[in-house]
Amino acid sequence: MNFRTSVGLVGSVLVGMGIWAASASAQSEALHSVLRPGAGDALSLSWRQGLPDGERTQLSIDAGVAKVERCRPACQPIGRPLLLSPGQKEQILSGLRSASLLDLRSSDEAEMTADRELRLSVPNRPQLTLQLPKSEWPLGPDGQGIAGLLDDLILKIVQAGSARPQVTVPRTIEELAELKLQLTVTTHQQPGGVLVIEHGTLSITPEEGSLPRKPRPKPTARVLSPAEQEQLLTVLRLLDFDRLEETIPVRARPAIGDDDGRLVTLHLLPASKVAPTVVPKQPRGLKRYLADWVRSPAEPVVRLLASWLLLHSPKKIE
């Protein structure tokens with residue numbers, strides 16, 4: 001081999017190594033951007049539990065929502081999609097970072113032994129796919145690791161799917177008849193009380209704050225008119241109850257500028273004495289400061305109910 005040929009071979013090897021190093025660096029940077037703290041809403045992945053040719057359970061996470069399917073071999077959804085909390089999204093991102101994904105390699109006999117598979121979307125790069133037995137996935141500092149974390153998320157969604165379904169926000173007069181809506185407002189300087197709507201009847205139990213009204217209002221009950229029921233349904237249709245808990249901040253004390261300071265709990269409960277064919281459902285509720293309610297997407301609902309309770313709602317606090 002002459003000198004020129006030797007130099008050419010060495011140069012080719014060096015160029016190849018440079019290209020590989022540049023590619024690996026680009027992949028590392030792309031993965032880092034996907035798994036950075038706060039990137040949970042952009043995360044897109046799937047997690048397979050079980051061997052590819054057998055019965056398996058698949059978890060998919062996209063845009064902050066987790067879904068589970070059971071495949072035998074056709075896939076059917078299990079339970080309801082789960083809107084991940086900020087804490088859950090950060091926990092998954094942390095678990096993926098601690099797994100050092102670029103250092104892992106799929107099993108040589110993945111089809112026979114790899115009962116866990118991760119597929120992670122990386123912008124402008126090929127999808128990252130890893131197939132390993134559960135025992136070979138690395139553990140994180142907490143002793144669990146990403147495999148245990150994603151398996152636990154599957155279990156949570158499956159268990160929730162086997163429980164009684166939650167009360168849904170009514171969209172029709174018939175659905176409203178199956179619901180008991182309750183608004184409880186604690187007193188401060190301003191008054192509060194309890195408002196209940198059930199079977200078309202509006203019941204009000206007022207409570208006075210440190211600045212009582214004169215004359216003091218008394219408990220009342222009346223039937224809602226068809227127009228009022230439609231008005232209620234109109235504002236309820238705008239209510240995305242599944243996202244309210246994340247949308248409205250949790251505070252240990254009122255926000256700066258919130259001189260009102262009253263707490264409001266909105267409950268949706270199954271109505272009493274419904275038809276025996278109606279499947280019983282779990283109640284749901286949310287407790288937040290009134291000032292936070294009225295600057296949230298739930299403002300139309302809370303303002304309407306507060307007006308029926310004869311309460312003054314605070315203005316939005318910017």
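Read the figures in this text as sums done on the coordinates, not as results from a lab. As the structure is a computational prediction, the values presented were derived from the model and not from experiment. As a convention, Cβ positions derive from the backbone with ideal geometry for all residues, glycine included, and neighbour counts pool all protein chains shown.
Compute the distance in nm between two label points, each set 7 Å from the Cα along the Cα-to-Cβ direction, one at Glu90 and one at His267.
Roughly 3.2 nm, to one decimal.
Restricting to DSSP H runs of at least four residues, report the calculated mean residue ellipticity at 222 nm for the chain, -39500 (n - 2.57) per run over all residues, nearest 500 deg cm²/dmol. Show your work: numbers first, answer last.
On the way: 9 runs with 104 residues, N = 318.
The per-residue figure over the chain is -10000 deg cm²/dmol.
Longer than 32 Å from Cα to Cα, which of Lys89/Lys281; Lys67/Lys134; Lys214/Lys281; Lys218/Lys287; Lys134/Lys287; Lys214/Lys273 are they? Say none if no pair is.
Details: Lys89/Lys281 28 Å; Lys67/Lys134 20 Å; Lys214/Lys281 41 Å; Lys218/Lys287 25 Å; Lys134/Lys287 40 Å; Lys214/Lys273 38 Å.
Among Lys89/Lys281; Lys67/Lys134; Lys214/Lys281; Lys218/Lys287; Lys134/Lys287; Lys214/Lys273, the Cα-Cα distance tops 32 Å for Lys214/Lys281; Lys134/Lys287; Lys214/Lys273.
So how do Glu174, Glu136, Glu29 line up by other beta-carbon neighbours within 10 Å, fewest first? Numbers along the way, then the final one.
Numbers: Glu174 8, Glu136 16, Glu29 11.
Fewest-to-most ranking of Glu174, Glu136, Glu29: Glu174, Glu29, Glu136.
Nearest 10 degrees is fine. How inclined is helix 226-236 to the longest principal axis of the chain, computing both from alpha carbons?
Rounded to the nearest ten degrees, it is 30.
Relative to the present Cα-Cα distance, how much length would full extension add between Arg251 and Thr201 at 0.36 nm per residue of separation?
Stretched fully, the Arg251-Thr201 segment lengthens by 14.7 nm.
Placing +1 at every Lys and Arg Cβ and -1 at every Asp and Glu Cβ, with all other atoms neutral, what dipole size does segment 183-232 have around its Cα centre, in debye to the nearest 20? Could the numbers behind the result be given before it?
Values: 5 positive and 5 negative charges, 67 e Å.
Rounded to the nearest 20 debye, it is 320 debye.
Under the 0.36 nm per residue contour assumption, what length would be gained going from the current alpha-carbon distance of Lys134 and Arg171 to full extension?
Contour length minus Cα-Cα distance gives 8.9 nm.
Please work out the Cα center distance from segment 169-185 to segment 37-96, rounded to the nearest Å.
For segment 169-185 versus segment 37-96, the Cα centre distance is 32 Å.
Taking the Cα atoms only, what angle lies between the long axis of helix 145-162 and the longest principal axis of the chain, rounded to 10 degrees?
Helix 145-162 sits at roughly 40 degrees to that axis.
Choose one of Pro123, Val185, Ala63: the residue whose Cα lies farthest towards the positive end of the charge dipole of the chain (beta-carbon charges +1 Lys, Arg; -1 Asp, Glu; about the Cα centre).
It is Val185.
Compute the distance in nm between two label points, each set 7 Å from the Cα along the Cα-to-Cβ direction, one at Leu233 and one at Arg72.
Result: 3.9 nm between the two label points.
What aspartates and glutamates could a cross-link reach from Lys180, if we take a straight Cα to Cα line under 19 Å and drop same-chain neighbours fewer than 8 places away?
Glu198, Glu228, Glu230, Asp240, Asp242
Given a 10 angstrom Cα cut-off, can you work out which residue in Val185, Val68, Val250 is the most mobile in a GNM of the chain?
Val250
For segment 208-235 and segment 124-154, what is the centre-to-centre distance using only Cα atoms, to the nearest Å?
53 Å
Label points 7 Å out from Cα along the Cβ direction at Gln159 and Leu104: separation in nm?
With each label placed 7 Å out from Cα toward Cβ, I get 2.3 nm.
Let me spell out the model: positive unit charges on the Cβ of Lys and Arg, negative unit charges on the Cβ of Asp and Glu, origin at the Cα centre of the chain. What dipole size does that give, in debye rounded to 20? Please report the intermediate quantities before stating the final value.
Details: 38 positive and 35 negative charges, 191 e Å.
About 920 debye.
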